[in-house]
Amino acid sequence: MEEIINLTPHDINLLLEDDVIIFKSQGIARVQQKENFEERFDQIPIYKNRYGKVEGLPEEKEGIYYIVSFVVANALKGQRNDLLIVTQAERNEKGQIIGCYAFARL
């Protein structure tokens, strides 16, 4: 049996044609991030983000997919095939995301 586990800090509403599936947050996968000073452009400091170890993400298991942030998926791009990100977002009148129509892989 296949399963999708939401490892983002918020619930995700998948908007299907006849239904809405709510994926409750079941933990948070994060990637360590470090900002290193690179240069100044006039008086503006410019940093480069460097990504480290991913935390809170279980080992890959057949039949299980994990919804993660773009940053986590990007940090592991090409290393895992079980990571999903939200795509085709739907927004309310205030511009806030209220759901999505699909998931994607990087």
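The values are calculated or read from the model by the stated rules, or taken from the named source; none is laboratory data. Just so it is clear, the model here is predicted, and its values are computed rather than measured. Every residue, glycine as well, gets a Cβ built from its backbone with ideal geometry; the counts of neighbours run over all protein chains shown. The accessibility values were calculated without ligands, DNA or RNA, using every heavy atom of the protein model including side chains. Shrake-Rupley method; radii C 1.70, N 1.55, O 1.52, S 1.80 Å.
Taking the stretch 64-98 as the range and being under 20 Å from ILE28 (Cα atoms), assigned to a loop (DSSP other than H, G, I, E, B), open to solvent by less than 50 Å² (accessible area, probe 1.4 Å) and of a type outside the set (Asp, Glu) as the test, the residues that pass are VAL68, SER69, LEU76.
Checked against the criterion of being in contact with a Lys or Arg (Cβ under 9 Å, 6 or more places away or on another chain) and among the basic types (Lys, Arg), the stretch 40-59 contains one or more residues that satisfy it. Would you point out the residue of the stretch 12-62, among those that are touching an Asp or Glu at 6+ places or on another chain (Cβ under 7 Å) and over 28 Å from GLN88 (Cα atoms), that is least open to solvent (accessible area, probe 1.4 Å)? That would be ILE46. From the set of residues in the stretch 41-59 that are in a loop (DSSP other than H, G, I, E, B) and under 16 Å from the mean Cα position of the chain (by Cα), which is farthest from THR8 (Cα to Cα)? In this case the residue turns out to be PRO58. Comparison of VAL86, VAL31, VAL68 shows that the only residue that is under 20 Å from ARG105 (Cβ atoms) and free of Cβ contacts under 8 Å to residues at least 60 places away in the same chain is VAL31.
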